[in-house]
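Visitor: Sharing a structure, written as structure tokens. Questions coming.
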Amino acid sequence: MRIANIKNETFNPKDPLHVYVGRNPKWIPPWQHNLGNPFSHMSGTLATHRVATREEAIEKYKEYLMNRIDHEPELWNFLYTLNQDTVLFCHCSPLPCHAEVIARVSEELRRHKPF
């Protein structure tokens, strides 16, 4: 799995290996879950919660995502289906971002599938 900046690579919403993880709902295909980070350290974004730093936004997103996984089995299944060929498209790369959390969580789910 890799992370690509949507400004530098072409995102194809019809390609199931292309997963948009930004906040803008117009980019989210109907088959995909909203994986945007509701936390941001920047003003003027679509984030619903402001935090002090990029690192805090990423940490808060990890908590947020884990909570969603606990309550949304279909999200768990979606994240499980992501694989090494998946490209996560965001607006932050190459800076640290929540897409790294998504990649790590997806890999952990595949490593520890409970059956």
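Visitor: His91 - would you say it is free of Cβ contacts under 8 Å to residues at least 12 places away in the same chain and surrounded by fewer than 19 Cβ atoms within 10 Å (Cβ to Cβ)? Lay out the reasoning, then the answer.
Guide: On the way: free of Cβ contacts under 8 Å to residues at least 12 places away in the same chain: no; surrounded by fewer than 19 Cβ atoms within 10 Å (Cβ to Cβ): yes.
So His91 fails the test.
Visitor: Could you check, for region 58-75, whether at least one of its residues is touching a Cys at 6+ places or on another chain (Cβ under 8 Å), buried (at least 18 other Cβ atoms within 10 Å of the Cβ) and in contact (Cβ under 8 Å) with a residue 40 or more places away in the chain?
Guide: yes
Visitor: Can you confirm whether region 28-50 contains a residue that is under 15 Å from the mean Cα position of the chain (by Cα), at pLDDT below 95 and closer than 13 Å to Val105 by Cβ?
Guide: Scanning region 28-50, I find at least one residue that is under 15 Å from the mean Cα position of the chain (by Cα), at pLDDT below 95 and closer than 13 Å to Val105 by Cβ, so the answer is yes.
Visitor: Could you run through region 1-42 and say how many residues are surrounded by 15 or more Cβ atoms within 10 Å (Cβ to Cβ) and either touching an Asp or Glu at 6+ places or on another chain (Cβ under 8 Å) or part of a strand (DSSP E or B) (or both)?
Guide: Number satisfying all stated conditions: 11.
Visitor: Collect the residues in region 98-115 that are part of a loop (DSSP other than H, G, I, E, B) and at pLDDT 95 or above, keeping them in residue-number order. Walk me through it before giving the result.
Guide: The initial filter retains those residues of region 98-115 that are part of a loop (DSSP other than H, G, I, E, B), namely 112-115.
Correct list: empty.
Visitor: Of these, Glu74, Glu56, which one is over 13 Å from the mean Cα position of the chain (by Cα), part of a helix (DSSP H, G or I) and closer than 20 Å to Val19 by Cβ?
Guide: Numbers: Glu56 fails: closer than 20 Å to Val19 by Cβ.
Residue meeting the stated conditions: Glu74.
The values are calculated or read from the model by the stated rules, or taken from the named source; none is laboratory data. Computed from a predicted model, the values in this text were never measured in an experiment. Backbone-built Cβ (ideal geometry, glycine too); neighbour counts: all protein chains shown.
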